[in-house]
Amino acid sequence: MKFGGSSVANAERIRHVASIIQAYKERRPVVVLSAMGDTTDHLLEAADQALLGSVDIGGVEKLHRDSAAELGIDFAPFEPLLQELKQLLTGISMIKELTKRTRDYLVSFGERLSVRMMAAYLKSQNVPAKFFDAWDLGIVSDSNFMAAELLDEVWKNIPMELASYADGASGEIPIVTGFIAKDKKGNITTLGRGGSDLTATIIGSAMKAEEIQTWKDVDGIMTSDPRLCAAARTVPEVTYEEAQELAMFGAQVLHPRSMVPCLKAGVPVRVKNSYNIKSPGSIIVYRRKGEAPKVCAITAVKGVTLIDITSAGMLGAAGFLAHIFNQFLKWNISIDVIATSEVSVSLTINTKADISGLLEDLRRVAQVEAKPGKAIVTVICDASKSAEVLSTGLEALAQAKINPQMISQAASKVNISMVVDDKQRDEAVKTLHAAYFERQD
């Protein structure tokens with residue numbers, strides 16, 4: 001069971017999550033937590049202040065001290081961690097430097113405080129629980145600070161460290177830090193984007209769990225953003241491939257990299273609502289039991305730049321596309337969606353980096369036009385029925401006077417993406433959702 005920062009943001013939320021854990025205790029859960037609320041941001045702000053010569057952990061300390069008092073638990077066990085945090089910030093203030101390694105050490109305090117808080121509260125409610133820093137379970141990574149990758153040995157380390165809990169010898173529910181690990185030298189690392197989800201999925205996969213649950217504030221994966229589409233509904237079942245595409249194109253599902261362990265072990269992932277425990281949520285599986293729906297969900301990502309590259313030199317020229325893509329590699333800019341013809345390439349990028357150097361390199365071999373202010377609207381669907389899907393969607397968009405500037409069907413055969421103006425993004429999503437999900441009701 002994985003709970004994010006908003007789920008454990010304060011004493012009230014900790015009580016609520018503790019009640020969920022209690023409700024599942026007969027199923028022998030392992031619990032993974034993020035830092036409380038905005039603690040990670042407050043730690044980074046404290047680092048910025050330390051670089052200016054001021055050591056202040058007031059915000060972090062107040063949240064945890066007040067929460068402990070409200071929960072009725074002794075704060076004394078937290079004092080050594082806060083003292084260690086002050087010493088670290090003092091060191092940063094003295095050397096006026098914050099390396100990636102030090103930054104990872106710094107932000108780890110959020111998760112470490114969080115699991116101690118939850119374990120202490122559960123024990124105060126007569127629920128046996130024990131906190132673990134991730135490395136206590138053998139979760140080791142490489143030394144790529146701020147974006148570390150887990151080492152293969154975690155697959156055997158985790159079952160070994162949790163053996164007594166798995167076989168029933170220990171009844172203490174493990175409460176584990178998400179997002180962090182240690183490298184072979186004992187340095188604390190962080191797992192980058194989707195890090196807490198990755199902690200949960202590697203534990204669940206290594207333990208061959210019944211399922212991995214990630215708890216959010218909606219009833220699972222939705223057909224679209226319910227804030228945008230009031231008629232959005234829960235999608236009961238999606239495949240890993242569909243979930244990865246949803247996450248890539250803006251939906252708040254598991255980060256794609258965190259699904260890799262599940263794919264390897266075949267463990268299903270269930271997305272649950274912490275405000276609606278009885279809802280079954282959505283389950284992510286390797287292969288559907290029933291027939292795939294024509295359209296599964298619609299999602300969108302904004303702030304995209306569309307780049308059109310045209311050159312007569314592409315006509316029948318071997319290696320031209322390789323040359324184009326090498327420029328993106330040189331500037332470390334990833335491509336999201338692409339469409340090609342014999343003499344042109346249209347593609348999208350989503351980056352805040354300066355792309356003037358990239359465009360200059362591309363213009364040496366082709367005509368290039370960059371169009372910022374675009375959005376990618378993605379239809380997760382059964383692309384074997386692409387003609388029907390496109391017919392329905394394009395007809396609805398035409399009636400709404402929205403003209404896609406590029407259309408791309410993914411090689412995965414589970415999505416069709418369209419590029420529209422940012423200002424038309426919301427209307428495009430609502431129009432497509434109405435066409436696919438509402439008019440058939």
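Here are a few things to note about the model shown:
- Against the list (1) open to solvent by less than 70 Å² (accessible area, probe 1.4 Å); (2) out of contact with any strand residue (DSSP E or B) (no Cβ under 9 Å at 6 or more places or on another chain); (3) at pLDDT below 95, the condition ALA411 fails is (1).
- Selection of region 411-441 for residues being at negative phi, without any contact (Cβ under 8 Å) to a residue 60 or more places away in the chain and under 25 Å from the mean Cα position of the chain (by Cα) yields ALA411, ILE416, MET418, VAL420.
- Helices (runs of 4 or more DSSP H) (entirely within region 96-206) containing at least 2 residues that are touching a Pro at 6+ places or on another chain (Cβ under 6 Å) and open to solvent by less than 10 Å² (accessible area, probe 1.4 Å): 195-206
- When residues in region 410-441 are screened for being acidic (Asp, Glu) and part of a helix (DSSP H, G or I), 4 of them pass.
- Those residues of region 383-403 which are in contact (Cβ under 8 Å) with a residue 24 or more places away in the chain and in a loop (DSSP other than H, G, I, E, B), in sequence order: ALA400, ILE402
- Some residue of region 354-361 being at positive phi and open to solvent by 80 Å² or more (accessible area, probe 1.4 Å): no
- Failed item in (1) open to solvent by less than 60 Å² (accessible area, probe 1.4 Å); (2) of a type outside the set (Ser, Thr, Tyr); (3) farther than 30 Å from ILE380 by Cβ; (4) at pLDDT 95 or above, with ILE212 passing the rest: (3)
- Subset tally (residues that are surrounded by fewer than 20 Cβ atoms within 10 Å (Cβ to Cβ) and in contact (Cβ under 8 Å) with a residue 24 or more places away in the chain) for region 226-236: 5
- Remark: pairs (first residue in region 103-129, closer than 20 Å to SER143 by Cβ; second residue open to solvent by 50 Å² or more (accessible area, probe 1.4 Å) and not in a helix (DSSP H, G or I); Cβ separation under 7 Å; 6+ apart in sequence or on different chains) = ARG103/MET146; ASP104/MET146.
- Residues satisfying the stated conditions in region 255-279, i.e. over 16 Å from GLY178 (Cα atoms) and either in a helix (DSSP H, G or I) or touching a residue at least 60 places away in the same chain (Cβ under 8 Å) (or both): PRO256, VAL260, CYS262, LEU263, LYS264, ALA265, VAL267, VAL269, SER274, ILE277, SER279
The values are calculated or read from the model by the stated rules, or taken from the named source; none is laboratory data. Everything quoted here is computed from the prediction, not taken from an experiment. FYI the Cβ positions are ideal-geometry reconstructions off the backbone, even for glycines, and counts take in every protein chain you see. Please note that ligands, DNA and RNA were not included when accessible areas were found on the heavy atoms of the full protein model with its side chains. Shrake-Rupley method; radii C 1.70, N 1.55, O 1.52, S 1.80 Å.
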